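> Encoded as structure tokens, here's the structure I'll be asking about.
The values are calculated or read from the model by the stated rules, or taken from the named source; none is laboratory data. Because the structure is a prediction, the values reported are computed rather than measured. Neighbour counts run over all protein chains shown; Cβ positions are idealised from the backbone, glycine included. Heavy atoms of the whole protein, side chains included, go into the accessibility calculation; ligands, DNA and RNA do not. Shrake-Rupley method; radii C 1.70, N 1.55, O 1.52, S 1.80 Å.
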Amino acid sequence: MFDKEENFKLPTLGVNIDHVATIRQARHSSEPSLIVAAALAELGGANGITLHLREDRRHIQDRDVYLIKETIQTRLNLEIAATEEMIKIALDIKPDCITLVPEKRKEITTEGGLDVKKNLEHLKRIVSKIQDNGASASLFIDSDEDQIQASASTKAKYIELHTGKYVNSMHSKQCQDELKLLKLACHKALDLGIKINAGHGLNYNNVYPIACLPGIKELNIGHTIISRAVLVGMERAVKEMKLAIKGEL
Ligand code: PXP
């Protein structure tokens, strides 16, 4: 499972800074600054910045996304629910990539992948709106063959594979099975010509096997980096994640 295949390239790192905004929103104040956090993440080696503009606005606010888009030097990946209201905002902001995620009001974080198969016509329309507007569309899905096939038929440039089941099975025998499913999913996506990102729940200890999967372009990682940044600083936290992705931490 750890064998790197021919022409293997390690994935780049998208740093999700939502939880910098979570700290700020705890007091509805102006600190910590998201702009400074994004700049320090970039100095630490982030290849992109990811923000999730949730419908309940529990952390990231609309203004944050406009400001980050103006100030970052790398790429902006904006995660949103696939609703007309959110698409309208996202198209106005013009991020480099728009990742469509399922959203439930009461969840603590994004729980599962999109059901692309069930919502195919709706998602086809939204993907084409996004890509006609100049951004890449990405669909956050579980490692399931049918969902990958359906995603390819929307013509989205990317899928993002949900790594939550792998992470949650870390200390059980099921973990190797989840890794195998992710590997199969990568091969299926590569066969269909759809680019692959991955993320959710990854941390400094579990990221390397995911980084070694075939064809993954970028890993989107948030909670663990922000948690470490609180203790050691953002630049160092990002640098250490880049090392962990290389298996060198
Ligand atoms: N990818 C997607 C689509 C997400 O919704 C999230 C959480 O916002 C992440 C990646 C990052 O997850 P974590 O914060 O657990 O690293």
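> Test of understanding: in a Gaussian network model of the chain with alpha carbons linked when under 10 Å, which of HIS171, HIS223, HIS19 would top the mean-square fluctuation ranking?
HIS171
> Let me ask another. In square nanometres, what is one fourth of the surface area of the convex hull spanned by the alpha carbons of region 60-136? Write out the running numbers ahead of the final one.
Working: hull surface 22.1 nm².
If I average the Cα hull's projected area over directions, I get 5.5 nm².
> Only sites in a loop by DSSP and with at most 14 other Cβ atoms within 10 Å count here; which trypsin sites (Lys or Arg not before Pro) in region 1-103 make the cut?
Values: sites: LYS4, LYS9, ARG24, ARG27, ARG54, ARG57, ARG58, ARG63, LYS69, ARG75, LYS88; in loops: LYS4, LYS9, ARG54, ARG57, ARG58.
When the trypsin sites (Lys or Arg not before Pro) of region 1-103 are filtered for loop state and at most 14 Cβ neighbours within 10 Å, LYS4, LYS9, ARG57, ARG58 remain.
> Right, another one. Ignoring ligands, DNA and RNA, how do GLU235, GLU70 rank by accessible area with a 1.4 Å probe, largest first?
GLU70, GLU235
> Any idea what Rg and Dmax come out to for region 200-249 if you just take the C-alpha atoms, in Å?
Expressed in Å, the Cα Rg and Dmax of region 200-249 come to 10.5, 33.
> Suppose every Lys and Arg Cβ carries +1 and every Asp and Glu Cβ carries -1, with no other charges. What dipole size does the chain come out with about its Cα centre, to the nearest 20 debye? If you can, show how the numbers build up before the last one.
Working: 34 positive and 34 negative charges, 36 e Å.
Taking the Cα centre of the chain as origin, the dipole is about 180 debye.
> Pop the C-beta distance of MET170 and LYS88 into the FRET formula with R0 = 51 Å and round what comes out to the nearest 0.05.
Details: r = 39 Å, r/R0 = 0.76.
After rounding to 0.05, the efficiency reads 0.85.
> How large is Rg/Rh for the chain, to two decimals, with Cα atoms and a Kirkwood Rh? Can you show the working numbers first?
Numbers: Rg = 17.0 Å, Rh = 18.1 Å.
Rounded to two decimals, Rg/Rh equals 0.94.
> Which value, in debye to the nearest 20, gives the size of the charge dipole of region 73-217 about its Cα centre, when Lys and Arg are +1 and Asp and Glu are -1 at the Cβ? Before the final figure, lay out the partial values.
On the way: 20 positive and 19 negative charges, 42 e Å.
That gives region 73-217 a dipole magnitude of about 200 debye.
> Still on this structure: List the residues whose amide H sits under 5 Å from the amide H of SER136, counting only those 5 or more places along or on another chain, with H placed 1.01 Å from N in the peptide plane.
Amide H neighbours of SER136: CYS97, ILE98.
> Now for a separate question. Give a quick list of trypsin sites (Lys or Arg not before Pro) in region 165-249 that DSSP marks as loop, anything other than H, G, I, E or B, with at most 14 other Cβ atoms within 10 Å. Please list the in-between numbers first.
Working: sites: LYS165, LYS173, LYS180, LYS183, LYS188, LYS195, LYS217, ARG228, ARG236, LYS239, LYS242, LYS246; in loops: LYS173, LYS246.
The qualifying sites are LYS173, LYS246.
> Which one, THR224, GLY44, THR154, is farthest towards the positive end of the dipole of region 12-246 when Lys and Arg carry +1 and Asp and Glu -1 on their Cβ?
Looking along the dipole axis, the top candidate is GLY44.
> Further question: Select from LEU190, SER29, LEU123 the residue farthest towards the positive end of the dipole of the chain; place +1 on Cβ of Lys and Arg, -1 on Cβ of Asp and Glu, and compute about the Cα centre.
Highest projection toward the positive end goes to SER29.
> Measure out, as a whole number of angstrom, how far apart the alpha-carbon centroids of region 25-75 and region 135-169 sit.
First find each Cα centre; the distance between them is then 24 Å.
> I would also like to ask the following. Within the set LYS104/LYS165; LYS104/LYS217; LYS104/LYS188; LYS165/LYS239; LYS69/LYS117, which residue pairs have Cα atoms separated by over 21 Å?
Violating the 21 Å limit, Cα to Cα: LYS104/LYS217; LYS104/LYS188; LYS165/LYS239; LYS69/LYS117.
> Principal axis extents for region 101-249, Cα atoms only, whole Å, descending order, please.
For region 101-249, the Cα spread along each principal axis is 45, 34, 31 Å.
> Now a separate question. Summing -39500 (n - 2.57) over the DSSP H runs of n ≥ 4 in the chain and dividing by its residue number, what mean residue ellipticity at 222 nm do you reach, to the nearest 500 deg cm²/dmol?
Values: 11 runs with 113 residues, N = 249.
Mean residue ellipticity at 222 nm (helix-derived): -13500 deg cm²/dmol.
> Tell me the volume per residue, in Å³, of the convex hull enclosing the alpha carbons of region 162-210.
Values: hull volume 3.2 nm³, N = 49.
So the per-residue Cα hull volume is 65 Å³.
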